[in-house]
Every structure is written in C-alpha cells, then in structure tokens.
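Undergrad: The following block contains the structure, expressed as structure tokens.
The values are calculated or read from the model by the stated rules, or taken from the named source; none is laboratory data. For clarity, every value in this text was computed on a predicted model and none was experimentally measured. All Cβ positions, glycine included, derive from the backbone under ideal geometry; neighbour counts span all protein chains shown. In case anyone asks, the SASA skips ligands and DNA or RNA and just uses the protein heavy atoms, side chains included. Shrake-Rupley method; radii C 1.70, N 1.55, O 1.52, S 1.80 Å.
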Amino acid sequence: QVMLVESGGGLVQAGGSLRLSCAASGRTFSIYAMGWLRQAPGKEREFVAAISWRDGMTYYSDSVKGRFTISRDNVKTTTYLQMNSLKPEDTAVYYCAADRDSYYELINPFTYEYWGQGTQVTVSS
C-alpha cells in the first residue's frame, strides 16, 4: 500500500555530514508518522528519529540528539534526515519506515508497518 524509497547514503569521513531522503508513494494518506531506523552489523535494529505527519512533532534517540535533524515535505510526502558531526559508530544501514496505525510509540521499531530497502551509511575514522 505504501512504497518507501531511500536515497543519500554513502561514505563520509568522521565529522562530516550526510542527508538522507525517503519518498513515500501509494496510499500515503494513511501515514501517521515516518521515521528512520538503523542496523549495524551484529546489532539489533534501533530507532534513530521520527516525525509526525499530523503536527510535525519530532523524536530522536539520545545517541543522535543534537547531531541529526529529521524534517518533512508534506507536499511530496518525503522525509529527510540531516546527519551532522557523523561518527564511526553511526555506520549502519539506515531504513526509512512509515507508521500507519500508531499502535506503539514511535521509538519502537514494531510500530512501523512499511519499510524501505535501506541505504548504507559508512563513516570512516
């Protein structure tokens, strides 16, 4: 029902910046919120940031707060993740996700019904 396509991943030096984009298509009217989650090798998928599609309220994990900024383009149904002051520990596959029913809190990966295929972000030291 909802298709998500991420872009903007790549290789960046520590301290650098990167901007991820996620465009939603299909039945986008059903989206309650969109978020970014990441998964590093050998680790569980973890919440990074999310934004409400109703009021624009944002949420961040403690590990990225102050460095990452999530935003939205309501017309294009697109969310962005501006990543600054990147650290090697930020290296992971970043997934865009959309929440439809808001059953769980947005920091919980299980709340998201739709997922993109992921984009690799690698931060070199």
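Undergrad: Distance from the Cα centre of region 88-114 to that of region 1-73, in angstrom?
TA: Comparing the Cα centres of region 88-114 and region 1-73, I get a distance of 8 Å.
Undergrad: Within region 56-97, whose backbone N sits under 14 Å from a point 7 Å along Cα→Cβ of R45?
TA: 93-97
Undergrad: Another one. Would you list R100, R72 from the most to the least accessible area, probe 1.4 Å? Mind dumping the intermediate values first?
TA: Details: R100 105, R72 80 Å².
Accessible-area ranking of R100, R72, largest first: R100, R72.
Undergrad: Now for a separate question. In sequence order, what are the phi-derived ³J(HN,Hα) couplings for region 10-20 according to the Karplus relation 6.51 cos²θ - 1.76 cosθ + 1.60 with θ = phi - 60°, rounded to whole Hz, with x for glycine and proline?
TA: Each residue of region 10-20 in turn: x, 9, 9, 7, 3, x, x, 10, 8, 10, 9 Hz.
Undergrad: Per-residue HN-Hα couplings for region 114-125, Karplus 6.51 cos²θ - 1.76 cosθ + 1.60 at θ = phi - 60°, whole Hz, x for Gly and Pro?
TA: For region 114-125, the Karplus-derived couplings read 10, 9, x, 7, x, 9, 7, 10, 10, 10, 8, 8 Hz, x marking Gly and Pro.
Undergrad: Run the accessible area of the chain with a 1.4 Å probe and give the carbon-and-sulfur part as a rounded percent.
TA: On the way: 3130 of 6570 Å².
Roughly 48 percent of what the probe reaches on the chain is carbon or sulfur.
Undergrad: Please list Y80, Y112 from largest to smallest accessible area, probe radius 1.4 Å, with all protein chains kept in place. Walk me through the numbers before you get to the answer.
TA: Numbers: Y80 35, Y112 15 Å².
These residues rank, largest area first, as Y80, Y112.
Undergrad: Ranked from the most accessible area to the least, with a 1.4 Å probe and all protein chains present, what is the order of M34, M57? Intermediate values should be presented prior to the final figure.
TA: Values: M34 0, M57 100 Å².
Ranked list, largest accessible area first: M57, M34.
Undergrad: Still on this structure, I have one more. How big is D, in µm² s⁻¹, for the chain by Stokes-Einstein at 4 °C and 1.567 mPa s if Rh is the Kirkwood radius over C-alpha pairs?
TA: Values: Rh = 14.2 Å.
For the chosen part, D equals 91 µm²/s.
Undergrad: Can I ask one more? State in Å² the accessible area per residue of the chain; use a 1.4 Å probe, count heavy atoms of protein chains only, and round to the nearest integer. The partial results should precede the final answer.
TA: Numbers: 6570 Å² over 125 residues.
Value returned for the chain: 53 Å² of accessible area per residue.
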